[in-house]
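Step one of this worksheet: look at the structure below.
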Amino acid sequence: MQQKPHSSARTVGHKLDAIVIGSGIGGLVTATQLAAKGAKVLVLESYLIPGGSAGYFERQGYRFDVGASMIFGFGHKGTTNLLTRALQAVNMSLTTIPDPVQIHYHLPNGLDIKVDRNYEQFLQNITQYFPHEEQGIRSFYHECWQVFNCLNRIELLSLEEPRYLLRVFSQHPLACLGLAKYLPCNVGDIARRYIKDPLLLKFIDIECYCWSVVPADMTPMINAGMVFSDRHYGGVNYPQGGVGQIAQKLAQGLEEVGGDIRYQARVKRILTRRGKAVGVELANGSVYYAKRIVSNATRWDTFNKLLPEKAKPINEKKWQQRYQKSPSFLSLHMGIRAEVLPQGTDCHHILLDNWKQMADVEGTIFVSIPTLLDPDLAPPGHHIIHAFTPHWISEWQGLSAKEYALKKEEAGERIIQRLGKIFPDLNSGLDYLEVGTPRTHRRFLGREDGTYGPIPRRKLWGLLGMPFNRTAIPGLYCVGDSTFPGQGLNAVAFSGFACAHRIAVDLGLYGATRK
């Protein structure tokens, strides 16, 4: 895909309907949804390619995913297949490869549990360790299905748009009431209604932590209902060619329906006039104006960096008191010889040695081996292993270049040693290794402290604390993992659909479709 750097020409007036800052999946879905309705949209991306944490990079014949390879949203039925629907809106599609096992857990107390795509098989996998909790296990996951079935009946658009809410409620009153019931609920509260075994409750914690980065007591039930059920409904499906293909296709589709995307275009600040967002200024001095401005940056970057401190609304200050930045990650991108992997190895793994260290730095290790699904991402006879574990940027600050390199090397050695529990011959079969730190994530993803999104500072009421797309600054919207419903590619796609819907209504475009 040809990439166009930004022009140095200054653009004045309200020729654009919307400017989107950042080409993460949330921003791209917002842009493509608006462009498909005839809006004039410009996406400004500071990097060379689109995608953000859903991007990719290539080294020595390997194509590595920047982030996780476990992708929801590519189903072909219901309404929760948001990535499929986003691509279809701009006449795009992707070939995907189904993953038969979502996660293979390697946990303390000898728990070796696979989350099979087949729901009944998954329940049996847990029940063999907790036969005395069989009814509780089924009741808990059945309640997750109730949440998912409510979501999967309705068109997922902006909850800030009254006419949409009235229409959906009139069409699906029971589904709406069901979702409303779960909005203030967290997973831990629901799980304890049915499950008493403390070890099984720890398993529910890691089930939540592996995608929400917080335990069950702090994970919204709405999100869990989506993830815990869709993995058996639409399933986990890997895009052929790598995760980066999702953003590449959305960017291509955006341009084909009349939108525009500029690369190497770093937004320095959001411009306001009489308190309203009206445009952006780039680092090179270029200025663009639009009727609506959308930030796909984190809320910390948006309100702490792109706007002056005096412009930060009171509700944003309160939100930052309720939520904090999640940790970033230490990432190992490895190329290995194929014989290193034992026969029957699954694509995704979670490794934890001590329950008390689940949320600690290097406590939980996440592993993806996407070449088990798409061998073309590596040279013949080789595989990719992407291992990542939570890390805080504070541990990587104030180091000389030599100290930084040594610290990366030592951290890589520790992770590879621990992975020996799953892959005993990993070290001897290593062909390529690149270590990324929170500083790497901050540099290439443009996210404050390299964070992957917000997590609550304390137990909150489900999703009720998460902000929607509109902000207190007229004309400014936020999209992505800092908005409802939170982290994950399918979740930020939901945010993109909602944001585009709200803007389309505000611009009088809703219901329109580009011919």
Does any residue of the stretch 377-389 turn out to be surrounded by fewer than 21 Cβ atoms within 10 Å (Cβ to Cβ), among the β-branched types (Val, Ile, Thr) and under 25 Å from Thr451 (Cβ atoms)? no
Give me a count of the residues in the stretch 330-368 that are on the phi > 0 side of the Ramachandran plot and either open to solvent by less than 10 Å² (accessible area, probe 1.4 Å) or of a type outside the set (Gly, Ala, Ser) (or both). 1
Name the pairs whose Cβ atoms lie under 7 Å apart, with the first residue in the stretch 338-358 and assigned to a helix (DSSP H, G or I), the second aromatic (Phe, Trp, Tyr), and 6 or more positions between them or separate chains? Val340/Phe423
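Applying the selection to the stretch 264-319, what residues are aromatic (Phe, Trp, Tyr) and farther than 17 Å from Gly475 by Cα?
Trp300, Trp319
Residue-by-condition table, conditions (1) touching a residue at least 40 places away in the same chain (Cβ under 8 Å); (2) over 21 Å from Lys408 (Cα atoms); (3) buried (at least 17 other Cβ atoms within 10 Å of the Cβ):
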{"site": "Asp425", "(1), (2), (3)": "yes, yes, no"}
{"site": "Gly429", "(1), (2), (3)": "yes, no, yes"}
{"site": "Glu434", "(1), (2), (3)": "yes, no, yes"}
{"site": "Arg443", "(1), (2), (3)": "no, no, no"}
{"site": "Gly446", "(1), (2), (3)": "yes, no, yes"}
{"site": "Gly450", "(1), (2), (3)": "yes, no, yes"}
{"site": "Pro456", "(1), (2), (3)": "yes, yes, yes"}
{"site": "Phe468", "(1), (2), (3)": "yes, yes, yes"}
{"site": "Ala472", "(1), (2), (3)": "yes, yes, no"}
Would you mind finding the one in Tyr129, Tyr105 that is at pLDDT 95 or above, within 30 Å of Ile385 (Cα to Cα), among the hydroxyl-bearing types (Ser, Thr, Tyr) and assigned to a loop (DSSP other than H, G, I, E, B)? Tyr129
If you scan the stretch 170-216, which residues turn out to be of a type in the set (D, E, K, R), under 29 Å from Tyr452 (Cα atoms) and surrounded by fewer than 17 Cβ atoms within 10 Å (Cβ to Cβ)? Lys181, Asp189, Arg192
Residues that are open to solvent by 30 Å² or more (accessible area, probe 1.4 Å), over 18 Å from Met92 (Cα atoms) and touching a Lys or Arg at 6+ places or on another chain (Cβ under 8 Å), drawn from the stretch 16-51: Lys40, Ser46
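The values are calculated or read from the model by the stated rules, or taken from the named source; none is laboratory data. Computed from a predicted model, the values in this text were never measured in an experiment. A quick note on method: Cβ atoms are made from the backbone with ideal geometry, for glycine too, and the neighbour counts reach across all protein chains shown. Each accessible area value is taken on the protein alone, full model and side chains, heavy atoms only, with ligands, DNA and RNA left out. Shrake-Rupley method; radii C 1.70, N 1.55, O 1.52, S 1.80 Å.
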